[in-house]
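I'd like to ask you about the structure that follows.
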Amino acid sequence: MPETRPDLEDFFACSDYCSPENLLTALKSYQAISEKTGNKNPLIFKDLLSNTGNGALFRRSGDADAKAVETFIWLSQVQRLAESIVSTGKVPPFKKLELYELKEIAKLSLDSKNLESISSHLLNYGIVVIYLQQTAGMKTDGVLFKLSCGTPVIGMTLRYDRYDYYWFTLMHELAHLALHYEKFEEPHFDCVDDDINDDIIELQANQASRDSFVSRSDWRTASVRRFHSDEELYKNAENLSIHPAILAGLVRYEADNYAIFNKVIHQISVRRIITPNA
């Protein structure tokens, strides 16, 4: 008796997205991906055929360049990992994330040991967090998307091994979730290196994520913004109840000076703390 392939059990199951047009487009994209990467995993075709998330996004773009292919495969892996977590039945339904809850989550950054349990903590909100290293052809820090059941998923590449970077990326995606959950019907990618001067959605998320660490009034009076010394940094960090590495990152970003506080922001290796099951 031939061996059963669980991953293909419902591969050809009928659904509303298996139209001839979608089948043809998915086949063309699958062929392009297979030729460029040598990856012929049938689950890639299934993802391309899907009308949710990355499948619809990739089919509509018709883009088979190296970056798009790598991003699609990465996103598919993130989605599959998230679906496996949700399938356990232990993830409560997502209701809504309020801005005040961002501040409660941000408080966990005061102790780096909390990195080990952040993803488990966010499951209590009905939010799935997946850490998956990006490939060489990508330039992504985070992504926010919904599964078909409505569960929000945050994917993080941990592209930079810094404590401030980790928390800025996470809180930025959570800010999107609090502010823009209903607006995002497709995966929303973020890259910290992008220029967002004219993007109101990104500016709102940046502001909300910073506010979760320090109030606007406290930020206005923080002396470290003017005096870039370790003494001022640690004094302000203690007074504001914010981790020194995160405060250093905020100052570096505002001043557009990434030469200051280098020692402080590299003291903690996030990748060494976080495991694939964190």
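Does G137 fit the bill of being of a type outside the set (S, T, Y), modelled with pLDDT under 95 and more than 14 Å from the chain's Cα centre (by Cα)?
For G137, the condition - of a type outside the set (S, T, Y), modelled with pLDDT under 95 and more than 14 Å from the chain's Cα centre (by Cα) - is met.
Here is a follow-up. Give A259, A255, A248, A205 a once-over and let me know the one that is within 24 Å of the chain's Cα centre (by Cα), among the small types (G, A, S) and farther than 20 Å from L110 by Cα.
Among A259, A255, A248, A205, only A205 is within 24 Å of the chain's Cα centre (by Cα), among the small types (G, A, S) and farther than 20 Å from L110 by Cα.
Okay, next question. Give, as residue ranges, the helices (runs of 4 or more DSSP H) completely inside the stretch 36-108 that count at least 2 residues that are at pLDDT 60 or above and surrounded by 20 or more Cβ atoms within 10 Å (Cβ to Cβ).
In the stretch 36-108, 42-49, 66-86, 99-106 are the helices (runs of 4 or more DSSP H) which contain 2 or more residues that are at pLDDT 60 or above and surrounded by 20 or more Cβ atoms within 10 Å (Cβ to Cβ).
Does N206 fit the bill of being more than 20 Å from I127 (Cα to Cα) and of a type in the set (S, T, N, Q)?
Criteria not met by N206.
Of the residues that sit in the stretch 143-168 and are surrounded by 23 or more Cβ atoms within 10 Å (Cβ to Cβ) and touching a strand residue (DSSP E or B) at 6+ places or on another chain (Cβ under 6 Å), which one is farthest from K96 (Cα to Cα)?
Filtering the stretch 143-168 for residues that are surrounded by 23 or more Cβ atoms within 10 Å (Cβ to Cβ) and touching a strand residue (DSSP E or B) at 6+ places or on another chain (Cβ under 6 Å), the one farthest from K96 (Cα to Cα) comes out as M156.
Yes/no matrix, rows are residues, columns are (1) touching a Phe, Trp or Tyr at 6+ places or on another chain (Cβ under 8 Å); (2) more than 21 Å from A237 (Cα to Cα); (3) at pLDDT below 95:
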position	(1), (2), (3)
L147	no, yes, yes
T151	yes, yes, no
I201	no, yes, yes
A208	no, no, no
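So Y253 ticks every box in (1) closer than 15 Å to T221 by Cα; (2) surrounded by fewer than 17 Cβ atoms within 10 Å (Cβ to Cβ) but one. Which box is left unticked?
All conditions pass for Y253, except number (1).
Out of the stretch 96-137, which residues are at negative phi and of a type in the set (G, A, S)?
Result: A106, S109, S112, S117, S119, S120, A136, G137.
Residue-wise test of (1) part of a loop (DSSP other than H, G, I, E, B); (2) within 10 Å of the chain's Cα centre (by Cα); (3) in contact (Cβ under 8 Å) with a residue 40 or more places away in the chain.
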| site | (1), (2), (3) |
| --- | --- |
| G155 | no, yes, yes |
| F184 | yes, no, yes |
| F189 | no, yes, yes |
| D198 | yes, no, no |
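The values are calculated or read from the model by the stated rules, or taken from the named source; none is laboratory data. Quick caveat, the model's predicted, so the values are computed rather than measured. Backbone-built Cβ (ideal geometry, glycine too); neighbour counts: all protein chains shown.
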